[in-house]
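The values are calculated or read from the model by the stated rules, or taken from the named source; none is laboratory data. From a predicted model like this one, the values you see are computed outputs, not experimental measurements. Here the Cβ positions follow ideal geometry from the backbone for every residue, glycine too, while neighbour counts run over all protein chains shown. What goes into the accessible areas is simple: the full protein's heavy atoms, side chains included, and nothing from ligands, DNA or RNA. Shrake-Rupley method; radii C 1.70, N 1.55, O 1.52, S 1.80 Å.
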Amino acid sequence: MANNLNSAPPAMLQAVFFIVLSSQPTTMKRRSFVKASLITTAAGAVISQISEAAMKTKTGIRQFYELRVYTLKNARQQEIVEEYFANAFIPALNRYGSKAVGLFTELKPTGQTKLYAFIPHNSLDDLLAVSDKLTADKLYLAAGDAYLNAPATEPAYERIESSLLKAFAHMPVLQVPAKKPRIFELRRYEHASEAAGKKKLEMFNDAGEIDIFKRLGFNPVFFGETIIGELRPNLIYMVTFDDMAAHDSHWKAFGNDPEWKKISTIPDYADAKLVLHITSTFIVPAACSQI
């Protein structure tokens, strides 16, 4: 009975106490009524708090990410882009509420490094509003002049490739790792079909794959489904390690993890069905990176 009452709504609790009171002497009724009122009021407050927490969970932020890849010709272009992010773009985005903007170089580039930019937004509306805000931002325009107004004969970069990602339901906002020397692994899983992509999302979100990453200390930064971008359908995520030795040991532990073995042996979750190709890119933060 006690367990049932603990989960009952306030109206039901009041009805129960009324029935109990009706069989008691008058004096006891008065005392019990005061107690009953206090209990039902407290119960209502607790239930209200639980409902509010549940509502916050349901309506909480689910971020969108822009992932940019800058192709550069030389060190001068790299310098211009990095200065633009450090002095103009990142400060402006921070003013607009977009925190933890990342900028990365390749760990072991072959020739001139590419730059990888990670830009989080709390909603699609925020993302769509950025362009207009930047156009009217005098501080941004002045600080970013060398990048924004680079002449065609000496462009600030060669090309930009952009992808729009939607955060996974089971990790709706990015997690910024502790500031210390580390390497980041950016992984892209390409799928043979949209259906296979949705099944892989289910594997991450519902079957517990994200939880395994967290438990084993991969320190994931984000997981995102590519909504717009190249080589769709695909998903992209970022994990971190102290060094390559830690990378190797973590992935070995992942492959041997009992929970992973249990999930991966489910026929519907077989990699051969869901993952067509994996691209792994190792990157390190630029000096201005907030991740």
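Tabulated data
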quantity: Solvent-accessible area of Glu154 with every protein chain in place, 1.4 Å probe, in Å² to the nearest 10; calculated: 130
quantity: For Pro181, net neighbour charge (Lys/Arg +1, Asp/Glu -1) across residues whose Cβ lies under 12 Å away; calculated: +1
quantity: Accessible-area order (highest first, 1.4 angstrom probe) of the listed residues Arg232, Arg187; calculated: Arg232, Arg187
quantity: Qualifying GluC sites (Glu not before Pro) in the range 195-281, DSSP loop, other Cβ atoms within 10 Å at most 13; calculated: Glu230
quantity: Accessible area, probe 1.4 Å, largest first, for residues Lys108, Lys133, Lys179; calculated: Lys108, Lys179, Lys133
quantity: Estimated distance in nm for a label pair at Glu202 and Ala169, the labels positioned 7 Å out from Cα along Cα-to-Cβ; calculated: 1.1
quantity: Extension gain (nm, one decimal) between Asn94 and Asn149, 0.36 nm per residue minus Cα-Cα; calculated: 17.6 nm
quantity: Phi-based couplings in Hz for the range 86-102 (Karplus 6.51, -1.76, 1.60; Gly and Pro marked x); calculated: 5, 9, 10, 5, 5, x, 5, 4, 4, 5, 8, x, 8, 9, 6, 7, x
quantity: For Val101, residues with placed amide H under 5 Å, excluding near neighbours; calculated: Gln290
quantity: Percent carbon-and-sulfur accessible area, the range 143-283, ignoring ligands, DNA and RNA, probe 1.4 Å; calculated: 54
quantity: Too-long pairs where the Cα-Cα distance tops 31 Å, listed order kept, from Lys108/Lys199; Lys73/Lys138; Lys214/Lys273; Lys108/Lys198; calculated: Lys108/Lys199; Lys108/Lys198
quantity: Karplus-derived HN-Hα couplings along the range 124-139 (A = 6.51, B = -1.76, C = 1.60, θ = phi - 60°), whole Hz, x at Gly and Pro; calculated: 5, 4, 4, 4, 5, 7, 4, 4, 5, 5, 5, 4, 9, 8, 5, 4
quantity: Cα→Cβ-extended label distance, 7 Å offset, between Glu194 and Ile227, nm; calculated: 1.5
quantity: Chain lengthening between Leu107 and Glu79 when straightened (0.36 nm per residue, less Cα-Cα); calculated: 8.4 nm
quantity: With DNA, RNA and ligands ignored, accessible area of Asp211 (1.4 Å probe; Å², nearest 10); calculated: 70
quantity: From phi via Karplus (6.51, -1.76, 1.60), per-residue ³J(HN,Hα) for the range 209-214 in Hz, x at Gly/Pro; calculated: 5, 4, 4, 5, 4, 5
quantity: 13 Å beta-carbon shell around Ser193, net charge (K/R +1, D/E -1); calculated: +3
quantity: Arg95 accessible area, assembled protein chains, probe 1.4 Å, Å²; calculated: 120
quantity: Base-10 log of normalised Debye intensity for the range 205-258 (one unit scatterer per alpha-carbon) at q = 0.15, 0.18, 0.24 Å⁻¹; calculated: -0.51, -0.69, -0.98
